[in-house]
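**Student:** One structure follows; several queries about it will come next.
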Amino acid sequence: MMTNSLLLGLVVCAFLIIAQNVVLKIYKRFPEHGIGLMYGSLGVKLMFVCGITLALRSEIENSILYAIVILMGVLYTNVKTVLDLYVNNKQ
């Protein structure tokens, strides 16, 4: 069964998306701290993903599916960040 891998990947993906949305809202209020916010959020997200992966590694049945779901979340949050910070601020 691959459902555990898929569900765990979606949980991690949801955390990445929620964390990125919070960081973008904080950035809009404090744009002078943008670099620190981005690197800080990257560190928090990286520690969360590593921690939950190590803690639940015995529950992950299909590691490739788990990694693909997390990769999709990372790509989505990166594209959303670029669009929100660069494209929307150019107007």
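**Student:** What is the angle, in °, between the Cα long axis of helix 3-29 and the longest principal axis of the Cα atoms in the chain? Nearest 10 is fine, range 0 to 90.
**Tutor:** Once rounded, one gets 10 degrees.
**Student:** Considering lysine pairs in the chain that are 8 or more places apart or on different chains, how many have Cα atoms under 16 Å apart?
**Tutor:** Details: Lys25/Lys80; Lys28/Lys80; Lys28/Lys90; Lys45/Lys80; Lys80/Lys90.
Taking the chain as the scope, the lysine pair count is 5.
**Student:** Also: Give the long-range amide H neighbours of Glu61: residues separated by 5 or more places, or on another chain, with amide H under 5 Å away, using H modelled in the peptide plane at 1.01 Å from N.
**Tutor:** Residues meeting the amide H criterion: Ser5.
**Student:** Now for a different question. Once every DSSP H run of n ≥ 4 in the chain is given -39500 (n - 2.57) and the sum is divided by its residues, what mean residue ellipticity at 222 nm do you get, rounded to the nearest 500 deg cm²/dmol?
**Tutor:** That comes out to -26500 deg cm²/dmol.
**Student:** Right, next: Any chance you could give the angle, 0 to 90 degrees and rounded to 10, that helix 34-55 forms with the longest Cα principal axis of the chain?
**Tutor:** Once rounded, the angle reads 10 degrees.
**Student:** Can you find, among Phe30, Leu54, Leu8, the residue farthest towards the positive end of the dipole of the chain? Put +1 on the C-beta of Lys and Arg, -1 on that of Asp and Glu.
**Tutor:** The residue sitting farthest along the positive end of the dipole is Phe30.
**Student:** Using a 1.4 angstrom probe on heavy atoms only, work out the carbon and sulfur share of the accessible area of region 47-91 in %.
**Tutor:** Details: 2240 of 3270 Å².
C and S fraction of accessible area: 69 percent.
**Student:** Here are a few candidate values for P(r) over Cα pairs in 10 Å bins from 0, in percent: (i) 16, 45, 25, 12, 2; (ii) 16, 35, 25, 15, 7, 2, 0; (iii) 17, 51, 26, 5, 1. Which one was actually calculated from the structure I just gave you?
**Tutor:** (i)
The values are calculated or read from the model by the stated rules, or taken from the named source; none is laboratory data. Since we're looking at a predicted model, the values are computed, not measured. Backbone-built Cβ (ideal geometry, glycine too); neighbour counts: all protein chains shown. Side chains included, ligands, DNA and RNA excluded: accessible areas come from the protein's heavy atoms. Shrake-Rupley method; radii C 1.70, N 1.55, O 1.52, S 1.80 Å.
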